[in-house]
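The values are calculated or read from the model by the stated rules, or taken from the named source; none is laboratory data. A quick note: this is a predicted structure, and the numbers were derived from the prediction, not measured. Heads up, the Cβs are rebuilt from the backbone with ideal geometry, glycines too, and the neighbour counts pull from every protein chain shown.
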Amino acid sequence: MRDLIDELTAVAGADNVLTSPDVTAGYTADWTRRFQGVARCVVRPRDTGQVAAVIGVCANRGVPVVPQGGNTGLVGGGVPAGDAANAQGVVISLRRLRRLDPVDTLASQVTAGAGVTIAALREHAANAGLEYGVDLASRDSATVGGTIATNAGGILTVRYGHTRAQLLGVEAVLADGSVISRLGGIHSDNSGYELTQLLAGSEGTLGIVTAARLRLHRAEPVSLTVLAGVPDIGAASALLAEVRSLVPAVRAAEYFEAAGLTLVRRHTGLPAPLAADYPAFLLADITGSGDYHERLASLPFLTDASVAVDSQARAALWAYRERHTESISAAGIPHKLDLAFPPARIAAFRADLDEVVTDAGAQAIVFGHIGAGNLHVNVLGPDPDDDAVDEAVFALAAAHGGTISAEHGIGRAKAGALHLSRTPAEIAAMRAIKSGLDPAGLLNPGVLLAPVSS
Ligand SMILES: Cc1cc2nc3c(=O)[nH]c(=O)nc-3n(C[C@H](O)[C@H](O)[C@H](O)COP(=O)(O)OP(=O)(O)OC[C@H]3O[C@@H](n4cnc5c(N)ncnc54)[C@H](O)[C@@H]3O)c2cc1C
């Protein structure tokens with residue numbers, strides 16, 4: 001009888017079934033280095049038919065499958081668990097599914113394969129005078145499939161919403177190897193359950209996304225980028241509200257603090273962004289024309305702000321925010337906690353956070369998409385396997401009415417804490433959906449929904 005590797009080789013080709021640990025290492029450890037495991041092999045199918053065949057082989061044999069895109073996820077959802085003694089699963093890398101159809105300019109839509117990177121998709125749309133509504137610092141590696149599976153947010157969420165708001169339909173392979181396809185681009189379709197939206201944010205647990213039909217937006221140039229120093233997050237939120245009331249539209253609104261700026265400057269060698277030192281910063285992209293410049297300049301905190309109008313100067317300001325993630329990782333292996341709050345509760349959470357983190361002998365580096373009520377709390381200090389500080393911060397977030405995942409998803413990292421953001425009835429409904437679509441539990445086991453203890 002043929003073994004698993006032979007069968008996968010027969011459907012995907014020998015070059016696309018990787019077994020050497022040297023080669024598979026890049027697929028079995030995550031971007032943060034906090035999560036890593038072992039796979040029996042890594043398969044790299046070329047098209048939807050091969051994905052279906054690979055899943056069919058795994059389903060017949062009862063082999064678990066971990067879907068992976070650009071492997072930029074931050075919650076351990078795209079890498080296998082376990083060690084060499086109990087390697088069970090197969091990593092299926094979707095990066096080679098790089099179909100990118102011509103832009104339909106009449107409908108402002110495009111069909112893209114799961115492996116197309118967000119940078120390539122955005123460039124493709126821009127060449128047609130349109131814009132894809134998701135952008136994030138991992139754009140050169142993060143894929144269409146991965147961003148759908150995590151329902152990624154990013155810097156444009158405040159303007160266009162999360163990935164699910166861009167989705168008109170998906171093509172996906174289900175756990176039994178069957179293919180569903182909703183790539184017709186119909187805006188109004190009430191013919192039954194919305195399977196596309198069900199797959200958005202499902203983190204590879206309900207199906208493998210192979211392609212998507214995506215909504216595009218009219219290209220919208222940024223007219224102004226502002227970086228302002230502020231005393232704290234409450235002042236940043238208040239300043240953002242004032243800016244919003246004065247300008248046509250805010251496209252992006254980001255927050256960071258002095259501790260993160262210090263790490264960024266140490267890692268990148270960038271100069272100080274403003275003449276004076278500040279505890280916290282608001283970075284905002286403003287779009288649209290009008291005579292708002294003078295009114296903006298009179299706002300408190302904007303008197304010593306940096307204002308950029310051309311793309312090079314804007315990129316220089318954005319580097320202070322976008323280089324946070326790599327600069328924090330250069331300082332250690334962070335616990336990346338991605339929270340969101342109702343706008344009125346975010347300052348109170350921030351005020352209580354430092355005590356919880358310093359009690360654990362750790363340091364918190366805080367930044368995030370403040371326009372969407374989102375805070376990334378990066379904890380440096382504890383061992384990668386020590387979850388105590390994660391649990392304490394999640395409990396604090398829940399006490400302040402927050403969610404334990406704004407945009408990165410639950411992954412393996414937070415599966416045990418899902419009850420802090422979802423009720424028992426909601427979790428039971430999720431488990432019912434999971435067992436309906438994947439009765440053998442082969443798609444990304446242990447991700448999003450923790451194993452049920454017997
Ligand atoms: C520097 C940096 C900045 C980031 N900024 C942001 C940000 O602003 N906003 C944000 O939301 N995230 C951000 N992230 C996190 C990450 O980029 C996103 O979660 C992204 O959506 C992951 O895409 P990926 O292709 O790398 O997916 P992966 O990391 O490969 O996988 C992520 C999850 O999706 C599943 N998956 C992947 N592909 C498929 C598929 N085709 N079908 C089904 N399931 C699949 C995996 O199993 C896993 O559970 C950032 C990460 C980095 C490193």
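The condition of being in contact with a helix residue (DSSP H, G or I) (Cβ under 8 Å, 6 or more places away or on another chain) and over 24 Å from ILE55 (Cα atoms) holds for only one of GLY161, GLY115, GLY133, GLY169, that being GLY133. For LEU198, indicate whether it is surrounded by 14 or more Cβ atoms within 10 Å (Cβ to Cβ), assigned by TED's automatic domain parsing to the domain that holds THR117, farther than 22 Å from ALA364 by Cα and out of contact with any Gly (no Cβ under 7 Å at 6 or more places or on another chain). Against the criterion (surrounded by 14 or more Cβ atoms within 10 Å (Cβ to Cβ), assigned by TED's automatic domain parsing to the domain that holds THR117, farther than 22 Å from ALA364 by Cα and out of contact with any Gly (no Cβ under 7 Å at 6 or more places or on another chain)), LEU198 qualifies. Counting only residues that are more than 22 Å from THR19 (Cβ to Cβ), buried (at least 24 other Cβ atoms within 10 Å of the Cβ) and away from the ligand (no atom under 12 Å from the Cβ), region 54-113 holds 1 of them. Being more than 30 Å from SER93 (Cβ to Cβ) and surrounded by 14 or more Cβ atoms within 10 Å (Cβ to Cβ) is the requirement here; does THR287 meet it? When the stated conditions are applied, THR287 passes them.
A single entry from THR325, THR268 fulfils the requirement of being among the polar types (S, T, N, Q) and farther than 30 Å from LEU420 by Cβ: THR268. Based on what the data block shows, is ARG182 within 12 Å of the ligand (Cβ to nearest atom), among the basic types (Lys, Arg) and surrounded by 15 or more Cβ atoms within 10 Å (Cβ to Cβ)? Taking the combined requirement at face value, the residue does not satisfy it. Scan region 231-269 for residues that are in a helix (DSSP H, G or I), under 20 Å from ALA330 (Cβ atoms) and either without any contact (Cβ under 8 Å) to a residue 40 or more places away in the chain or assigned by TED's automatic domain parsing to the domain that holds PHE367 (or both) and the total you get is 3.
Here's the yes/no breakdown for (1) farther than 30 Å from VAL452 by Cβ; (2) surrounded by fewer than 23 Cβ atoms within 10 Å (Cβ to Cβ):
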position	(1), (2)
LEU317	yes, yes
ILE328	yes, no
ALA331	yes, yes
HIS335	no, no
ALA344	yes, yes
GLN363	yes, yes
PHE367	yes, no
THR403	no, yes
GLY416	no, yes
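Pairing residues of region 19-31 that are within 15 Å of the ligand (Cβ to nearest atom) and polar (S, T, N, Q) with residues that are at pLDDT below 95 and not in a loop (DSSP other than H, G, I, E, B), at Cβ distances under 6 Å and at least 6 apart in sequence or on separate chains, gives THR28/GLN36. Of the residues making up region 152-169, those that are within 8 Å of the ligand (Cβ to nearest atom) and assigned to a loop (DSSP other than H, G, I, E, B) are ALA152, GLY153, GLY154, ILE155, HIS162. Going through (1) near the ligand (Cβ under 8 Å from one of its atoms); (2) buried (at least 22 other Cβ atoms within 10 Å of the Cβ); (3) modelled with pLDDT under 95 one by one, ALA137 falls short only on (2). Could you check, for region 123-130, whether at least one of its residues is more than 7 Å from the ligand (Cβ to nearest atom), closer than 19 Å to GLY70 by Cα and part of a strand (DSSP E or B)? Scanning region 123-130, I find no residue that is more than 7 Å from the ligand (Cβ to nearest atom), closer than 19 Å to GLY70 by Cα and part of a strand (DSSP E or B), so the answer is no. Consider ARG412 carefully, then state whether it is of a type in the set (D, E, K, R), closer than 21 Å to ASN151 by Cα and touching a Gly at 6+ places or on another chain (Cβ under 8 Å). Taking the combined requirement at face value, the residue satisfies it. More than 17 Å from VAL116 (Cβ to Cβ), at pLDDT 95 or above, β-branched (Val, Ile, Thr) and crowded, with 22+ Cβ neighbours inside 10 Å, is that true of VAL51? It is false that VAL51 is more than 17 Å from VAL116 (Cβ to Cβ), at pLDDT 95 or above, β-branched (Val, Ile, Thr) and crowded, with 22+ Cβ neighbours inside 10 Å.
The criterion of being more than 29 Å from GLY69 (Cβ to Cβ), away from the ligand (no atom under 13 Å from the Cβ), more than 26 Å from the chain's Cα centre (by Cα) and β-branched (Val, Ile, Thr) holds for VAL243. When you scan region 421-432, do you find a residue that is without any contact (Cβ under 8 Å) to a residue 12 or more places away in the chain, closer than 25 Å to THR157 by Cβ and touching a helix residue (DSSP H, G or I) at 6+ places or on another chain (Cβ under 8 Å), even just one? Scanning region 421-432 turns up at least one residue that is without any contact (Cβ under 8 Å) to a residue 12 or more places away in the chain, closer than 25 Å to THR157 by Cβ and touching a helix residue (DSSP H, G or I) at 6+ places or on another chain (Cβ under 8 Å). Residues of region 388-409 that are of a type in the set (D, E, K, R) and under 22 Å from SER327 (Cα atoms): ASP390, GLU407.
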